[in-house]
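Each remark here refers to the structure printed beneath this line.
Computed from the coordinates by the stated procedures, all read-outs in this text should not be read as laboratory data. Just so it is clear, the model here is predicted, and its values are computed rather than measured. A quick note on method: Cβ atoms are made from the backbone with ideal geometry, for glycine too, and the neighbour counts reach across all protein chains shown.
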2 protein chains.
Amino acid sequence: MRTYQLGRGPNQPVGDVDVFRWDGYEGVGAMPFRAMWYQVPAGGSSPADQHPELELSIVVAGAGAVEVDGRAPVEVRTGDAFLLETEERHVVHNRRPDEPLVVFSAYWFAKEAGNG
Amino acid sequence: MRTYQLGRGPNQPVGDVDVFRWDGYEGVGAMPFRAMWYQVPAGGSSPADQHPELELSIVVAGAGAVEVDGRAPVEVRTGDAFLLETEERHVVHNRRPDEPLVVFSAYWFAKEAGNG
């Protein structure tokens, strides 16, 4: 068994968002996806993002809202998951004024989803 | 975007552990892994488990300890991740007397890990 802690790897911030990608972690080559943690600061929002990979996110701490393709934001909180499809343009807002929103994300290209 | 909430799907308990597998959820066919949430009750432990799939777990709430192949338990808490290799026999203990340990797990067979 290997363990991984949030914030142990290098931070590659995107705007105000702290991003810890797993690429540099030992042993992650055994996964059929890439992974990261990210933190949206209290009261803040992520820059808009859009990419070909599908992305499954799990809210690890806090409460947020996800805006996709300009539609009404969808509220998410600790324990919730959200799956972004290919090329969905998304913005993640932290709804809490006093604590970071922490998210774990796994992402992959559709062609990598053998059971898709 | 699709969202998934802990406890929305059917519970398939294993011993005292509540297990919510994603198999019945809409849209999960697009993932290169299977997934579940599980909850170990306050002060409780999972039955020993061992399986060919690799399993990546993210602690969503609480604090626990993971025993692998009879070795000394490894402490994990909210936000931590642990990766179980093929056939590692594991027991997950909830270290808190007053709240459930909530874990999200993704699992897959080694042959499915295209980048492995």
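Worth a mention:
- Projecting the Cα atoms of A:Pro32, A:Leu101, A:Ala113 onto the charge dipole of the protein assembly as shown, computed from C-beta unit charges around the Cα centre, puts A:Leu101 farthest toward the positive end.
- Vicinal HN-Hα couplings computed from phi for segment A:55-65 (Karplus, 6.51 cos²θ - 1.76 cosθ + 1.60; Hz; Gly/Pro x): 9, 9, 10, 10, 7, 8, 7, x, 9, x, 9
- Based on alpha-carbon atoms, the Kirkwood radius and the radius of gyration of segment A:34-112 give Rg/Rh equal to 0.95.
- More than 26 Å apart - percent of Cα-Cα pairs taken over the protein assembly as shown: 33 percent
- Applying the Karplus relation 6.51 cos²θ - 1.76 cosθ + 1.60 with θ = phi - 60° to segment B:74-89 yields 3J(HN,Hα) values of 9, 7, 9, 9, 3, x, 6, 10, 9, 10, 8, 7, 3, 6, 6, 7 Hz, where x marks Gly and Pro.
- Sites listed here are GluC sites (Glu not before Pro) in segment B:1-75 whose DSSP assignment is loop and whose Cβ has at most 15 other Cβ atoms within 10 Å: B:Glu26.
- Furthest towards positive pole of dipole, B:His90, A:Leu84, A:Leu6, structure part the protein assembly as shown, Cβ charges: A:Leu6
- Restriction of the chymotrypsin sites (Phe, Trp or Tyr not before Pro) in segment B:52-116 to DSSP coil positions whose beta-carbon has at most 14 other beta-carbons within 10 angstrom yields no sites.
- Site pair A:Asp16 and B:Val74 shows an inter-label distance of 3.5 nm when each label is modelled 7 Å from Cα along Cα→Cβ.
- Anisotropy class of segment B:1-56 from Cα gyration tensor, a/c 1.5 cut: oblate
- Charge dipole (Cα centre; +1 on Lys/Arg Cβ, -1 on Asp/Glu Cβ; no other charges) of segment A:34-112 amounts to roughly 160 debye.
- Relative to the Cα centre, the charge distribution of the protein assembly as shown, modelled as +1 at Lys and Arg Cβ and -1 at Asp and Glu Cβ, gives a dipole magnitude of about 120 debye.
- Among the trypsin sites (Lys or Arg not before Pro) in segment B:1-41, those placed in a DSSP loop whose Cβ has at most 14 other Cβ atoms within 10 Å are B:Arg8.
- Within a Gaussian network of chain A (alpha carbon springs, distance under 10 Å), most fluctuating of A:Ala63, A:Ala106, A:Ala81: A:Ala81
- Calculated label separations, B:Glu87, copies of the chain, 7 Å along the beta-carbon direction, nm: 4.5
- Computed from point charges on the beta carbon alone (+1 for Lys and Arg, -1 for Asp and Glu), the dipole magnitude for segment B:1-82 about its Cα centre is near 280 Debye.
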